[in-house]
Amino acid sequence: SLASTAITCFTRGLDLRKGTEDVLCPANCPLWQFYVFGDGVYASLSSVCGAAIHSGVITNAGGAVRVKTLPGQESYPAANANGIQSQVLSRWASSFSVTAGTKSTALEAVGRSVSTARPSTGKRPKKTLDKKAGNKDCKADIAFLIDGSYNIGQRRFNLQKNFVGKVAVMLGIGTDGPHVGVVQASEHPKIEFYLKNFTTAKEVLFAIKELGFRGGNSNTGKALKYTAQKFFSLESGARKGIPKIIVVFLDGWPSDDLEEAGIVAREFGVNVFIVSVAKPTTEELGMVQDIGFVDKAVCRNNGFFSYQMPTWFGTTKYVKPLVQKLCSHEQMLCSKTCYNSVNIGFLIDGSSSIGESNFQLVLEFVSNVAKAFEISDIGSKVAAVQFTYDQRPEFGFSDHASKEKVLSAIRSISYMSGGTATGDAISFTTRNVFGPVKDGPNKNFLIVVTDGQSYDDVRGPAAAAQKAGITVFSVGIAWAPLDDLKDMASEPRESHTFFTREFTGLEQMVPDIIRGICKDYLDSKQ
């Protein structure tokens, strides 16, 4: 039979390449270090040897295990078994199960150990020669939010700096790889250095060594909110389309509340990880104002974004599993926000009752809504159609890949003047503007702006648009009948229907429409 592959305590299901693989687990893996998700069927993110001990296939003395790849599951339950507490995880792309391997294959494997990540081909894979570029497979802009409070104290603060330094080195910082910066949380947050300040691991290590301990209360919530809002600007080195990550290091527990900071971070499209060290013991729980502080702040409460270390001593073995998480690009569920993941089509009434000067107010309204979104080829997109009896596409979703270009295209729309066939215009827009993007990743919204009664039926075309996955907001001005507006709007109709007597009233609606789009976007993701 085939020889089995010797693996390490940390080899995960997803590191194995075959559908069924015989592996040999080493002895004496520290049980509390295992990351295991599920029970019986394990997410491929789990440690293979950890899963094998958890399911009782081997003991901590190691041994032969057969690993079988399985499809992904909607959810993985937590269970405590054989000294290992497995964790809950929702939705993962692949899974595995473990059964006892055979002894004969195990014997042949002794003496040939293989690096954890990939089965050996005899040749050591060369590291990319371009040192400056860094690890191109790990795309991330990361803020390490370190604990500088009296909770941690000077001695452990230095151990924390060592740990962050090791993580920074293993990430493979470089111009095309991850970029990192550091913020220190204490009484008041302080940005120590930004993403753009250093592009090599060597410089980052030096900067971390130089950090001084500030002391004070552990106002982690305040620091997290500050970092989410201030750290990731384009001026300070954040890159478009690269996941934004904050890794919060927390010794013990925070002095303030993390919930609001967690909400702000998610709104800003930032993925929050919490590394909690020496978490509160039973006798300390009375001093903790909110025991669930980790769950409130992390990006998603699915086990992936929280990470625990028992103490600051001997943390080297925690470096690699943390780095693997930070480089799991596809797991950064909070990178997508309503601001960067929607298509907004504007259907603009150009009928003669509006008049040239009011038409300019309509265009201003359209600009102000569009302005709120992050428009780019990989972000949100905007399109506009003007209608009377006829429809005139002004620009489509793929015509302008930046906010400046979209705003200038809106400014240059000229007023048509004519009748009002809103139903036809909705059908035209559903087919020609939204048709090409219907299978794309963004959520689709249509905003109909009209000042009068339509000559044709609006209910049928609007229902067809909604059936095609488009959320419709209706904005009526002056003589637009409320029945028409409600018939066009998506459910719940009250929150998708807007009306103002005067064109000057359009301006006040802008924040509510933006909020409405974001609410619908979030509801669709739950």
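The values are calculated or read from the model by the stated rules, or taken from the named source; none is laboratory data. Here the structure is a predicted model, which means the values were calculated and not measured. When we count neighbours, we look across all protein chains shown, and the Cβ atoms used for this are built from the backbone with ideal geometry, even at glycine. Heads up: the accessible areas ignore ligands, DNA and RNA and are worked out on the full protein's heavy atoms, side chains in. Shrake-Rupley method; radii C 1.70, N 1.55, O 1.52, S 1.80 Å.
For the reader, a short list of remarks on this structure follows.
- Only one of the numbered conditions (1) open to solvent by 20 Å² or more (accessible area, probe 1.4 Å); (2) modelled with pLDDT of 90 or more is not met by Ala52, and that is (1).
- Some residue of segment 83-92 being at pLDDT 90 or above, open to solvent by 10 Å² or more (accessible area, probe 1.4 Å) and not aliphatic (A, V, I, L, M): no
- One residue from Gly469, Gly418, Gly435, Gly423 being touching a Pro at 6+ places or on another chain (Cβ under 8 Å) and of a type in the set (Gly, Ala, Ser): Gly423
- Leading residue by the ranking (farthest from Val362 (Cα to Cα)) among those in segment 475-526 that are in contact with a helix residue (DSSP H, G or I) (Cβ under 6 Å, 6 or more places away or on another chain) and assigned to a loop (DSSP other than H, G, I, E, B): Ser490
Listed here are the residues, each with its yes/no results for (1) basic (Lys, Arg); (2) outside the structural domain of Gly423 (by the TED database).
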site	(1), (2)
Tyr307	no, yes
Phe313	no, yes
Lys317	yes, yes
Lys325	yes, yes
Thr337	no, yes
Phe346	no, no
Ser353	no, no
Glu356	no, no
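- Restricting attention to segment 302-331, the residues that are outside any strand (DSSP E or B) and over 22 Å from the mean Cα position of the chain (by Cα) add up to 9.
- Inspection of segment 214-224 identifies no residue that is at pLDDT 90 or above and within 23 Å of Gly174 (Cα to Cα).
- Test: Ser97 is more than 30 Å from Phe249 (Cα to Cα), modelled with pLDDT of 80 or more and in contact with a strand residue (DSSP E or B) (Cβ under 8 Å, 6 or more places away or on another chain): yes
- The condition of being modelled with pLDDT of 85 or more, open to solvent by less than 10 Å² (accessible area, probe 1.4 Å) and in a helix (DSSP H, G or I) holds for only one of Phe157, Phe206, Phe144, that being Phe157.
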